[in-house]
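First comes the structure, then the notes that go with it.
The values are calculated or read from the model by the stated rules, or taken from the named source; none is laboratory data. Everything quoted here is computed from the prediction, not taken from an experiment. With ideal geometry, Cβ positions are generated from the backbone for all residues, glycine too; neighbour counts draw on all protein chains shown.
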Amino acid sequence: MDDNYGNNGFSDSTQGSSPIQGVAMKKCPNCRADIEADSVFCEFCGSKVGAPTQVARVVDDDTEERPNNYLGKAIAGVILCWPFGFSGIINAAKVNSLWDKGQKEEAIAAADRARSASSTAIILGIIANVITFVYYFLVGMGAFY
């Protein structure tokens, strides 16, 4: 007896299955069915599809976003107040390499230090420039003569 799909009540599993939510999938090179990424054999045609891949672990690692390294802010800090700006650049340069090594906590801490040092450099630089401008403006007006 045919059901509404014309397959006599049996499903044709060789046509592949839809990916399961949250499970990494790959295609069987023989029958092109969707199979789990860590499968060694295709569950549909039985052909060997290779060693389990590490796709599932890579997918989990990519769920977190790389932290901002604040390099642009650190460069602005060097221009305005170099002692703190250089500290920001040193920490900003560490962020990407620590993240790529898998040291995520250290990378986030380096990003925080870079942001803090760069912000301090920018704030102190702006304050120093305002004080310098006001001083030269007052001296230029003859306020101290």
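Take residue 101 and decide whether it is under 30 Å from residue 37 (Cα atoms) and at pLDDT 85 or above. So residue 101 fits the description; yes. Check off (1) of a type outside the set (Phe, Trp, Tyr); (2) crowded, with 17+ Cβ neighbours inside 10 Å; (3) farther than 12 Å from residue 66 by Cα for residue 90 and give me the number that stays unchecked. Failing condition for residue 90: (2). Against the conditions (1) in contact with a helix residue (DSSP H, G or I) (Cβ under 9 Å, 6 or more places away or on another chain); (2) assigned to a helix (DSSP H, G or I); (3) not basic (Lys, Arg), residue 133 satisfies every one except (1). Residues that are surrounded by 16 or more Cβ atoms within 10 Å (Cβ to Cβ) and within 18 Å of the chain's Cα centre (by Cα) are absent from the stretch 122-142.
Output yes when any residue across the stretch 90-103 is within 26 Å of residue 129 (Cα to Cα) and touching a helix residue (DSSP H, G or I) at 6+ places or on another chain (Cβ under 7 Å), and no when none is. Taking every residue of the stretch 90-103 in turn, at least one turns out to be within 26 Å of residue 129 (Cα to Cα) and touching a helix residue (DSSP H, G or I) at 6+ places or on another chain (Cβ under 7 Å). A search for C-beta distances below 7 Å between a residue of the stretch 66-91 that is in the same structural domain as residue 111 (by TED's automatic domain parsing) and any residue that is part of a loop (DSSP other than H, G, I, E, B), counting only pairs 6+ apart in sequence or on different chains, returns 88/70.
If you go through the stretch 67-91 and keep only what is part of a helix (DSSP H, G or I) and touching a Lys or Arg at 6+ places or on another chain (Cβ under 8 Å), you end up with 73, 87, 88, 91.
Every condition in (1) of a type outside the set (Asp, Glu); (2) surrounded by fewer than 17 Cβ atoms within 10 Å (Cβ to Cβ); (3) at pLDDT 80 or above holds for residue 69 except the one numbered (2).
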